[in-house]
1. Condition test on Lys44, is it open to solvent by 70 Å² or more (accessible area, probe 1.4 Å) and assigned to a loop (DSSP other than H, G, I, E, B)?
2. Yes or no: Glu46 among the acidic types (Asp, Glu) and either over 17 Å from Met61 (Cβ atoms) or touching an Asp or Glu at 6+ places or on another chain (Cβ under 6 Å) (or both)?
3. Quick one: which of Gln10, Gln2 is touching a residue at least 24 places away in the same chain (Cβ under 8 Å), at negative phi and open to solvent by 70 Å² or more (accessible area, probe 1.4 Å)?
4. With outside any helix (DSSP H, G or I), more than 9 Å from the chain's Cα centre (by Cα) and surrounded by 15 or more Cβ atoms within 10 Å (Cβ to Cβ) as the only criterion, which of Met61, Met32, Met16 stands out?
5. Just wondering, is there one or more residues in the stretch 4-12 that are among the aliphatic types (A, V, I, L, M) and either at pLDDT 95 or above or more than 16 Å from Leu69 (Cβ to Cβ) (or both)?
Amino acid sequence: MQTITDTIDQKIAFFMFEQKLTVEKMAGLLGMTPNTLRAKRSGKTEWTLGEMMELSDLFGMTLDELAGL
């Protein structure tokens, strides 16, 4: 079963691929360091609601869509 972290990671990977963004650039868009972004994408650190709202705005989708609900 896929977790919310897995779903968010897939959406980030797709967005980064589409926009040709490096981890550094993506992290900058989110106001975090590349290491923090890597930790969140891997599930070592949880996403906060605020960070998930930033992602949903950036991707043009609702929080439910972002989480795969």
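The values are calculated or read from the model by the stated rules, or taken from the named source; none is laboratory data. Not measured: the values here are computed from a predicted model. Here Cβ is always computed from backbone atoms with ideal geometry, including for glycine, and neighbour counts include all displayed protein chains. Each accessible area value is taken on the protein alone, full model and side chains, heavy atoms only, with ligands, DNA and RNA left out. Shrake-Rupley method; radii C 1.70, N 1.55, O 1.52, S 1.80 Å.
1. yes
2. yes
3. After applying the criteria, what remains is Gln2.
4. Met32
5. yes
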